[in-house]
Amino acid sequence: MFSPSRTSKLFPSTFRDRLNHLKSSNSVCVVNTGVDPRLELAAIVRRFVHSANIDAALLFNHVNGCKWPVLTNLFSSKMRINQLVGGQTFSSLFELSDTLDKGINSFTLFSTWLQGQEDLVTVAGELPAQDELNGLDQLPALQVWPKDGGHYLSMAVVICRALDGEELSCGLYRVQVHGNRLATIHWRAGSDGARLFASYQNAGVAMPVTIVLGCEPALTYSAAFPLPPGCSEFNFAAFLQQQPIMIHDSSNSDIPVPATSEFVLEGVVSAKQQMYDGPFGNHQGFYTDKVLCPLFELKQLTARKDAIFPASIVGPPPSESSVIGASFIDFILPLMQREIEQLVDIYMPQETVYHGCALIRLRVDAMIEQVKSQIIQAPMFRNSKLLVFVDEYIDVKAPARVLWRIMNQSLNDVVQFKGGKMVIDATRWNKGARRLLNSDPDTEQLLNKRWAEYGLGSMVGDNQ
C-alpha cells in the first residue's frame, strides 16, 4: 500500500523529526522558566489549553530536579495529529482511509488485510547516542492533580509479547513510579495488555515488558487506537506514516525496541507481586480509587543524550486525551460507510471522550432498523453510553441542531435502552403527517441574486 523508498526520505517519521517540523511551523511554545513537575507544570498546561488562542504543544526546558525538557500537549488538535502520524502524501486520517482498495469495505477487513502486510518493520542501522540512567527517580514523572497517588508516566507506550511468543502488543497505559526501580502498570480490564499478562500469571512466570517514551508519533497514536485484539500496532503505525517502523533488537528480551525512542525502560512484571496504583485524576473529571496493579521491576533504563520527555496532562476536556479519542472515527468512518451505505457521518463530541456518545447521521430508507442495529453492535460503540440517530438533513457536527431535533420529538417514541446504552432515534420526524419546514427554492434563488442590494453585508445561508 506504500513504497518505503518513495516516502521515507521525504518526511522522516521520528519523534524528533516531527517535533522539529512543528517548531518550524510555530506550533510549539517554549517555556524557559523553571517549573515544578509536581502540580505546577500541569496547571500551566491546563490554563494554556483553556484560555490561549494558540493551538500549540508546550516545551518546558527547565523542570526542577531534572536535566531533560518536558513536552506536553503534543496531540491536542486533529490537525496536529494528522501532521504527526501521517505520511507526506495524505493530509488527514480520513483521506488515508478513503484511499484503501474498495474491496476493503469494513474496519474488520482492514484489520485482516493489515495483518497480512509484510516489511512494515525494519531493523535500524545506526542508533542515536544513548546514556544509561540509574533509575526511575531521574525521570520528570508528573503529578497532575493534588490528590493523585504519586507521579506518573502518562505518555508511556507499553510493549509486551504473548507467552507463546506469537503476538506483540503496544498499549498506551498509565504507569505510576514507586521509587527508583519499581512501577505499577494500570492495564485496563479487557485490554490486550491485561489479556496477555493473564497468561503469564496463570503460568506463574514473570512477563518481559518494555516501556518507551518518545517513539515515533504514529506508534504512540496506534498504541491508543481501538484496534481489534491481535492486530499489530506496529503494522498500523507503519501504514499511518507510510513507511516502516524502525526497531532494534534488545539484549534484555525478545521485545523489539523502537529505535529512535527518547527513553527506553526494560524490565519484567511479576506474576505475583502487586502494589497500589492511584488515586489518579482521569478524563472523566474524578479521581479513580486505589487499586492493586501488577508490579514492574526495572532492569535497564536508557535515554538519548539530548532526550525530550513526553507527557500528557489527563483531565476533563478540552484535553489531549479527548482530542485523541475523538480522532479515531476519522479513520474508521470511511470504512464503515463502505459497509453501511446509509451512513452519512458520525460525530463524537470531545466532551464525551472515548466513545461515550456518538451522533450518527443516516439516509433513511426501508432498511433503517437493520442499519441502526448493525451500528449499535459495532465494536467501535461497544462501550458507548449514548447513541443518537438523526436523518440526513441534520448536521451532526452542529450538536445544537441535533438537540433541537431531539427535543421536538415525542420522547416516548424516540428513547430506548439497548445493551446498556441509551439510544435516541430522532430520524422519525418525517413519518406520518408532520412535514419539515423548508424555504421556498425560488425565493432563495432571488435572494442569492439580490443580496448585495439589501446592504446587509456578506452572504449568509439558510440553515433550515
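The values are calculated or read from the model by the stated rules, or taken from the named source; none is laboratory data. Quantities reported herein were computed from a predicted structural model and do not represent experimental measurements. Methodologically, a virtual Cβ is constructed for each residue, glycine included, from the backbone with ideal geometry; neighbour enumeration extends over all protein chains shown.
Looking at (1) surrounded by fewer than 19 Cβ atoms within 10 Å (Cβ to Cβ); (2) under 22 Å from Leu153 (Cα atoms), which is the only condition Asp249 fails?
Answer for Asp249: the failing condition is (2).
Hey, can you tell me all the residues within segment 277-305 that are in a strand (DSSP E or B) and within 13 Å of Ile185 (Cβ to Cβ)? Give the steps one after another, and end with the answer.
Let us first name the residues in segment 277-305 that are in a strand (DSSP E or B), namely 277, 281, 287, 291-304.
Matches in segment 277-305: Asp277, Val291, Leu292, Cys293, Pro294, Leu295, Phe296, Glu297, Leu298.
With the structure loaded, tell me whether Ala271 is under 16 Å from Glu216 (Cβ atoms) and either surrounded by fewer than 23 Cβ atoms within 10 Å (Cβ to Cβ) or not assigned by TED's automatic domain parsing to the domain that holds Gln115 (or both) or whether it fails that test. Outline the logic, then answer.
Working: under 16 Å from Glu216 (Cβ atoms): no; either surrounded by fewer than 23 Cβ atoms within 10 Å (Cβ to Cβ) or not assigned by TED's automatic domain parsing to the domain that holds Gln115 (or both): yes.
Against the criterion (under 16 Å from Glu216 (Cβ atoms) and either surrounded by fewer than 23 Cβ atoms within 10 Å (Cβ to Cβ) or not assigned by TED's automatic domain parsing to the domain that holds Gln115 (or both)), Ala271 does not qualify.
Restricting to segment 202-229, count the residues that are assigned to a loop (DSSP other than H, G, I, E, B) and under 12 Å from Cys160 (Cα atoms).
At the first step, the residues of segment 202-229 found to be assigned to a loop (DSSP other than H, G, I, E, B) are 204-206, 214-216, 225-229.
Still in the running and under 12 Å from Cys160 (Cα atoms): 206.
Adding up the residues that qualify gives 1.
Given the structure, is Leu292 within 30 Å of Gln201 (Cα to Cα) and among the hydrophobic types (A, V, I, L, M, F, W, C)? Can you show your working first?
Details: within 30 Å of Gln201 (Cα to Cα): yes; among the hydrophobic types (A, V, I, L, M, F, W, C): yes.
When the stated conditions are applied, Leu292 passes them.
Among the residues of segment 191-210 satisfying the criterion of being under 22 Å from the mean Cα position of the chain (by Cα) and either of a type in the set (S, T, N, Q) or more than 26 Å from Leu93 (Cα to Cα) (or both), which is modelled with the lowest pLDDT?
Going through segment 191-210, the residues under 22 Å from the mean Cα position of the chain (by Cα) turn out to be 191-196, 209-210.
Imposing the further condition that a residue be either of a type in the set (S, T, N, Q) or more than 26 Å from Leu93 (Cα to Cα) (or both) reduces the set to 191, 194-196, 209-210.
Values: Ser191: 93, Ala194: 97, Arg195: 96, Leu196: 97, Val209: 98, Thr210: 98.
Top of the filtered list is Ser191.
Can you name every one of the helices (runs of 4 or more DSSP H) wholly within segment 4-93 that holds 3 or more residues which are outside the structural domain of Ala129 (by TED's automatic domain parsing) and surrounded by 19 or more Cβ atoms within 10 Å (Cβ to Cβ)?
Where helices (runs of 4 or more DSSP H) fall fully within segment 4-93 and carry at least 3 residues being outside the structural domain of Ala129 (by TED's automatic domain parsing) and surrounded by 19 or more Cβ atoms within 10 Å (Cβ to Cβ), they are 15-24, 40-51.
Under 8 Å between Cβ atoms, which residue pairs at least 6 apart in sequence (or on different chains) link something in segment 434-459 that is under 27 Å from Ile394 (Cα atoms) and not assigned by TED's automatic domain parsing to the domain that holds Trp404 with a partner that is part of a loop (DSSP other than H, G, I, E, B) and of a type outside the set (A, V, I, L, M)?
These pairs meet every condition: Leu436/Tyr393; Leu437/Gln464; Asn438/Gln464; Ser439/Asp462; Ser439/Gln464; Glu444/Asp462.
Could you tell me which numbered condition Gln143 fails, if it satisfies all but one of (1) of a type in the set (S, T, N, Q); (2) surrounded by fewer than 18 Cβ atoms within 10 Å (Cβ to Cβ); (3) under 24 Å from the mean Cα position of the chain (by Cα)?
Unmet condition: (2).
How many of the residues making up segment 233-273 are in a strand (DSSP E or B) and charged (D, E, K, R)? Let's see the steps before the verdict.
Let us first name the residues in segment 233-273 that are in a strand (DSSP E or B), namely 245-248, 257-258, 263-273.
From what is left, the residues that are charged (D, E, K, R) are 266, 272.
Of the residues in that region, 2 qualify.
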